[in-house]
Structures are given as structure tokens and as C-alpha cells.
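Peer 1: Supplied in C-alpha cells, the structure appears directly below.
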Amino acid sequence: MALTMLNELLIEDPSPPVLLYQVSKTAKLDTLNYQSCFMQSIFAHFPEILFIHRTYNPRGKVLYTFLVDGPRVQLEGHLARAVYFAIPAKEDAEGLAQMFQVFKKFNPAWEKVCTILVDPYFLPLPTLAMEFPAAEVLPSAFHICKFLQGKFYQLSLEQPVEQVLLTSLQSTMCSATAGNLRKLYTLLSNCIPPDQLPKLHSYWLLNDRIWLAHRWRSHAESSRYFQDLEVTTRVLSQFFGTTPSVEQGMTSLLRYMQQNSGDMASFSLGLSPQSSCAPSGVSPQSPKVEQLVEACIQHSLHAICTGPAAQLCLGELAVVQKSVHLIGSGSEKVNIQILEDTHRVQPQPPASCSCYFNQAFHLPCRHILAMLSARRQVLQPDMLPSQWTEGCAASLDHILGSKWSETLDKHLAVTLLTEEVGQLLQHCSQEEFERRYSTLRELADSWIGPYEQVQL
């Protein structure tokens with residue numbers, strides 16, 4: 001089975017890739033090394049910085065994905081920066097040394113690698129240092145960010161504290177200056193219980209060498225960078241990390257690579273289309289199924305909600321349809337992220353979410369709709385308050401149907417900002433509170449004047 005599926009890839013690919021593998025006595029895939037001609041060309045163009053990501057399979061195998069990184073890399077598309085896939089026999093010194101040696105044999109440009117970015121728990125550092133003696137090995141900003149996000153959720157902090165930490169982490173990752181990193185370090189020290197703080201390894205934030213490899217990006221470039229890696233790791237997990245069969249997972253992933261990544265990256269590299277793989281509209285999930293699910297959700301919104309409520313929710317659904325949503329299930333709650341701030345969804349009726357839209361209108365937001373879409377479910381009457389159901393909210397039509405005014409716009413903006421400032425002041429140390437209060441006091445006095453004290 002493994003031989004048949006993998007060899008089909010060689011037949012289908014117009015430019016045969018490098019594909020080396022070993023099969024065990026039980027006909028299971030033991031090791032694999034894969035690199036298409038296009039992937040090899042990308043690495044030859046951008047060999048200076050190598051990013052290594054590991055994806056674990058339920059069977060215990062580990063997929064090593066090598067991606068190019070750095071200022072010169074301007075590739076767009078899912079997995080467009082991936083240049084090598086490898087599955088070692090074991091994650092020991094011998095198995096990894098063999099994997100890196102095969103990579104070097106087919107990529108003479110390996111000698112130009114100056115920096116290798118890995119996850120913080122990458123244990124085989126001695127093997128990596130031995131195989132790439134001229135390269136500096138550093139923890140990647142992306143993996144540190146994902147590590148801290150996971151720890152924030154595991155600590156079960158109060159929701160306002162958790163939201164402040166997640167927001168601060170996101171803004172710091174997009175502007176990783178020494179000052180911002182120091183502020184985040186101080187925030188962690190104040191908000192995380194002392195007995196839990198060592199588990200976060202917050203000293204990483206003060207290691208300036210780590211962030212020099214990331215700091216050159218602008219705020220917008222950093223945001224796109226993290227979003228691209230988020231989608232890339234999600235695709236890897238979807239194909240390889242959730243499929244018990246290593247052979248089936250790798251075959252699906254490599255076929256997806258053949259049909260998508262080369263076509264998306266060829267324009268940026270200026271290579272001819274003939275040197276890339278055949279284009280295709282294949283996606284990890286069938287578009288027809290997604291369209292059917294979304295059509296059913298739209299129908300349920302029109303059937304259950306009032307006209308204004310359905311209009312608001314359809315606007316949220318439009319965002320979901322144009323975005324990539326990442327879903328992690330917990331015991332009681334579901335974490336939904338649409339490449340923006342992470343929010344928590346309570347799926348039990350009436351459904352609720354921590355985002356501002358749901359908190360303000362008590363209507364199904366984009367995060368709740370993303371959860372329904374992923375579960376292939378539709379909206380149920382008991383998932384929203386009675387005042388929004390059809391026939392019970394006629395009095396609200398004139399409010400939502402009224403024209404937007406500048407005064408109302410300012411009022412909502414001030415209200416939202418006041419709530420955010422209030423949460424920050426309530427969940428900080430006494431020293432930080434005094435400093436922030438003093439800043440607000442000076443700002444208020446400067447606007448109105450020292451002769452009229454403003455009550456804060």
C-alpha cells in the first residue's frame with residue numbers, strides 16, 4: 001500500500017521529485033525524504049535562513065518540514081515556503097543525522113545556511129549543530145508565540161486577564177522591539193501566579209538574539225508572517241497530524257503540494273510555469289461541502305432570526321467565508337481563531353462568545369458561525385435570546401434600520417475604549433495602576449485645563 005501510493009506521486013508529477021523512503025517489515029512507512037524540483041529551486045534561491053517545524057502523527061512518527069525564511073523571501077500561498085519534507089526512522093541522533101545528511105546531499109546550497117529557526121523544545125540541537133556547523137540555531141518567534149498562547153489557555157486565568165495577555169502578546173509579536181518585549185515580560189510577571197511563571201520561560205522575551213531574526217519585519221509584514229505560518233501548520237496538522245495512517249497522510253499532503261504550492265509561488269520567483277507543478281483547485285476540504293454547509297447556515301439564519309438580526313449575522317458569516325478559521329476543542333468550550341484575536345465560544349444554548357459583537361448584540365458572531373460551519377451544523381432557535389427570534393423583536397427594527405450617525409459612532413468608540421481601559425486598570429499591580437492613573441490624570445487635565453478637575 002505504501003509503495004503503491006508513494007510511487008503514484010512520481011508518475012503524476014511532470015518534474016519527478018526527490019523521493020527516498022524505506023518500508024518496514026510490516027509494510028509501514030519507516031523513513032521518507034521528499035523534495036520536488038520546484039522546492040529545490042526555492043531553497044537554492046533563499047538558503048540563508050531555514051525554519052524547521054515538527055508535526056507529530058498519532059502513530060508516533062514525526063514529520064520535519066523545512067521552510068525558507070528571511071527578508072528576501074516574498075512568497076505567497078499555503079506551504080509556498082516549504083522546501084523539504086522528512087520523516088526520520090527515530091528522533092535520535094542517528095536517525096536525525098541521516099535525515100540531515102540526505103537533505104545536504106541533494107541541496108548543495110546548505111553550506112550557505114546562516115540561521116536555523118526551531119521550536120524551543122527542539123532537543124537534537126547537538127546533531128543539528130554538527131550537521132550545520134556554520135549556522136546559528138535559535139528558537140523561532142512563531143513557536144514561542146504559540147507556546148505562550150497555549151500556556152495562557154492551560155492556566156485557566158480569569159477571562160479579562162487572559163484577553164489582556166493574548167492581546168499584548170499579539171501586539172508585541174508584530175512589533176518585537178526591546179521595549180515592547182520588556183513590557184510583556186513585566187506583564188507576565190504581574191499577571192501569572194508565581195508558582196506557574198517558570199513554566200512560561202518568559203526569559204526568552206529578554207534574549208535579544210532571538211528577536212533580531214524577526215525584528216526587521218514591519219507590523220503588517222509580521223501579521224502576514226504569523227498568519228501564513230498559522231495556516232501552514234494547520235494544513236500540516238490536517239493532513240499528517242490527524243491521520244493515523246502515515247502513508248495516507250503523506251500521500252494526501254504531497255499531492256496537495258504538487259497541485260498547489262508550485263503554481264502559487266512561481267509568479268513571485270519569476271520562474272516559468274513549466275518548471276512548477278500542475279495547477280489545481282484542490283483544497284484540504286471539499287469546496288462543495290463547505291458551500292452546502294454555509295448555505296444551510298444562511299437558511300437557518302433567515303428562518304429563525306428577525307430581518308435585522310439575520311443581516312448582522314450574515315455580515316459575520318461573510319467574514320468567515322473569506323477567512324481561515326482555526327478550531328481547538330476543549331472539554332467544555334471551543335477556541336475559535338479567524339486569524340485575529342482569539343475568542344472563546346460557549347456552544348451550549350444559548351451560544352455565547354467572548355468577542356465584542358456577541359457581547360454587545362447577543363447574536364451569533366463569526367466565531368460561533370465558524371464553529372457551526374466546522375461541525376456542519378445549523379443555527380437552532382435555542383442558540384440565541386428570545387428577543388432576537390422571528391416575531392419577537394419587531395420593536396428593534398427601527399433601531400437597526402436607522403442611519404449611522406457620527407455622534408453614535410463616537411459614542412460607541414468611546415464606550416469600547418472605556419471598557420478596555422477599565423479592564424486594564426482592574427487587572428494590574430498597584431504600582432502599574434498608579435502609573436497608569438497618573439497618565440490619565442495628566443491627559444485629562446491637559447484637555448480641559450487645571451482649573452476644572454476631571455473626575456476619573
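Bear in mind these aren't lab numbers, they're just calculated from the coordinates by the rules spelled out. What you are looking at is a predicted structure, and each value in this text was computed from that prediction instead of being measured. Quick reminder, even Gly has a Cβ in these numbers, built from the backbone with ideal geometry, and neighbours come from all protein chains shown.
Peer 1: So, by mean Cβ neighbours within 10 angstrom, what's the order for 366-379, 119-132, 425-438, 170-183 with the highest one leading?
Peer 2: Packing proxy ranking, top to bottom: 366-379, 170-183, 119-132, 425-438.
Peer 1: When ranked by the protection proxy of mean other Cβ atoms within 10 Å per residue, highest first, what sequence do the peptides 343-353, 195-205 form?
Peer 2: Listed from highest to lowest mean packing, they are 343-353, 195-205.
Peer 1: Which net charge results when you count Lys and Arg as +1 and Asp and Glu as -1 among the other residues whose beta-carbon is under 12 Å from that of Pro71?
Peer 2: Value of the local net charge: 0.
Peer 1: From the cross-link list Lys61/Lys151; Lys151/Lys183; Lys104/Lys151; Lys112/Lys151, which pairs have alpha carbons spaced over 28 Å apart?
Peer 2: Too far apart for the 28 Å limit: Lys104/Lys151; Lys112/Lys151.
Peer 1: So what's the net charge close to Glu48: Lys and Arg +1, Asp and Glu -1, counting the other residues with Cβ under 12 Å from its Cβ?
Peer 2: Combined, the nearby Lys, Arg, Asp and Glu give -1.
Peer 1: Next up: Just need the relative contact order of the stretch 124-216 here, percent rounded to a whole number, with Cα pairs under 8 Å and 6+ apart.
Peer 2: 30
Peer 1: Taking 7 Å along the Cα-to-C-beta vector as the label spot, tell me the Glu76-Leu212 distance in nanometres, rounded to one decimal.
Peer 2: My value for the distance between the label points is 3.2 nm.
Peer 1: Using 1/(1 + (r/R0)^6) with R0 = 51 angstrom and r between the beta carbons of Ala93 and Arg435, what's the FRET efficiency to the nearest 0.05?
Peer 2: 0.50
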